[in-house]
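What follows is a set of notes on a single structure, which appears directly below.
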Amino acid sequence: QVQVGESGGGLVQAGGSLRLSCATSARIGSINVMGWYRQAPGKQRELVATMTSGGSTNYADSVKGRFTISRDNAKNTVYLQMNSLKPEDTAVYYCKVGARIYDYWGQGTQVTVSS
C-alpha cells in the first residue's frame, strides 16, 4: 500500500511563509505526477500546484508568483514553498501522488493564515 504523508502546516500571520513537505513510499519510477490541493471550509477541494515526473509545473492563478513546488527525487518528497501568505490561503492542504493508474492522497495538513 502506497503511503503519502504531509507535514509543515501551522499558523502564520499574513505576509509570512511556510513550507509544506510530502513524502511518499511510491517507487520513484512509478510516479507520474505529485501535487498539492487545498480545501477551505465550505468549499470544494482545488488544485494548488503540481509537478510531473518530467519537471513540468502547473499552478493555480491565485498562487502564481507566491508559491513554488519542488521535488527531491532522492527522498521521494515534494515541497510547497508558500510566501506572502494571505488569509484566503487558509485551508487543509493535501498532497496527491499519481502513480501509474492510481491516485494516492495524504491525510492533509492545516494551514491557517491570520490577518
### Task
Specify which residue in the list Val4, Gly65, Thr109 is farthest towards the positive end of the charge dipole of the chain, using unit charges on the beta carbon of Lys, Arg (+1) and Asp, Glu (-1), about the Cα centre.
Val4
### Message
Rolling a 1.4 Å sphere over the protein heavy atoms, what is the accessible area per residue of the chain, to the nearest Å²?
### Response
53
### Message
Ranking request for peptides 62-68, 37-43, 77-83: highest mean number of other beta-carbon atoms within 10 Å first, then the rest in descending order.
### Response
77-83, 62-68, 37-43
#### Entry: For the chain: Kirkwood Rh in Å [reciprocal of mean 1/r, alpha carbons]
14.0
### Query
Going by average Cβ neighbours within 10 Å, how do the peptides 22-33, 85-96 rank, with the highest at the top?
85-96, 22-33
### Query
Looking at region 4-115, how many pairs of lysines come closer than 19 Å at the Cα, when each pair is eight or more places apart or spans two chains?
4
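The values are calculated or read from the model by the stated rules, or taken from the named source; none is laboratory data. Because the structure is predicted, anything quoted here is derived from the model rather than measured. Ideal geometry is used to build each Cβ from the backbone, glycine not excepted, and the neighbour counts take in all protein chains shown. The area values use the complete protein model at the heavy-atom level, side chains included, leaving out ligands, DNA and RNA. Shrake-Rupley method; radii C 1.70, N 1.55, O 1.52, S 1.80 Å.
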